[in-house]
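Trainee: Got a structure for you, written out below as structure tokens; questions coming shortly.
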Amino acid sequence: MDLIKACISHDTEKALGLIMNNDTNLGSVDDCGKTALIRACQNKMTEVALELIKTGHAKSEQVDNYGYTALICACYFNMTEVALELIKTGQSFQ
């Protein structure tokens, strides 16, 4: 949950450090059903989102409690590079 909190607070440095930490659960989900990847997209944290995608453990297909995925958020917040990377790595269009 520390990674999700770092994304919520726009703390890019902390988030990137946590991604590199082997003990961090990259697929954890908060009370709203959002992963760190969804939170990073909502907060336009491109570098963090790309690093999460690169790990392959970020639950990119997670649908939050409102029906949104990371891909939907990336598109909505005009994060073209992140959206394209999600599509390249097989993110569905749910």
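Derivation of every value follows stated rules applied to the coordinates shown; laboratory data play no part. Everything quoted here is computed from the prediction, not taken from an experiment. FYI the Cβ positions are ideal-geometry reconstructions off the backbone, even for glycines, and counts take in every protein chain you see.
Trainee: State whether one or more residues within the stretch 13-22 are crowded, with 23+ Cβ neighbours inside 10 Å, of a type outside the set (Val, Ile, Thr) and under 10 Å from the mean Cα position of the chain (by Cα).
Mentor: First, pick out the residues of the stretch 13-22 that are crowded, with 23+ Cβ neighbours inside 10 Å: 15.
If we keep only those that are of a type outside the set (Val, Ile, Thr) as well, we get 15.
Then drop every residue that is not under 10 Å from the mean Cα position of the chain (by Cα), which leaves none.
For the stretch 13-22, residues crowded, with 23+ Cβ neighbours inside 10 Å, of a type outside the set (Val, Ile, Thr) and under 10 Å from the mean Cα position of the chain (by Cα): absent.
Trainee: For the stretch 12-57, which positions are out of contact with any Cys (no Cβ under 8 Å at 6 or more places or on another chain) and under 16 Å from Asn78 (Cβ atoms)?
Mentor: Step one: filter the stretch 12-57 for residues out of contact with any Cys (no Cβ under 8 Å at 6 or more places or on another chain), giving 12-14, 16-35, 37, 44, 46-47, 50-57.
Passing the criteria: Lys44, Thr46, Glu47, Leu50.
Trainee: Here's something else I'd like to know. Among Ile72, Ile53, which is over 21 Å from Thr12 (Cβ atoms) and either of a type in the set (Val, Ile, Thr) or in contact with a strand residue (DSSP E or B) (Cβ under 7 Å, 6 or more places away or on another chain) (or both)?
Mentor: Selected residue: Ile72, the only one of Ile72, Ile53 that is over 21 Å from Thr12 (Cβ atoms) and either of a type in the set (Val, Ile, Thr) or in contact with a strand residue (DSSP E or B) (Cβ under 7 Å, 6 or more places away or on another chain) (or both).
Trainee: Output yes when any residue across the stretch 56-71 is within 17 Å of Asp2 (Cα to Cα) and of a type in the set (A, V, I, L, M, F, W, C), and no when none is.
Mentor: Applying the first criterion (within 17 Å of Asp2 (Cα to Cα)) to the stretch 56-71 yields 57-59.
If we keep only those that are of a type in the set (A, V, I, L, M, F, W, C) too, we end up with 58.
Yes; the residues of the stretch 56-71 include at least one that is within 17 Å of Asp2 (Cα to Cα) and of a type in the set (A, V, I, L, M, F, W, C).
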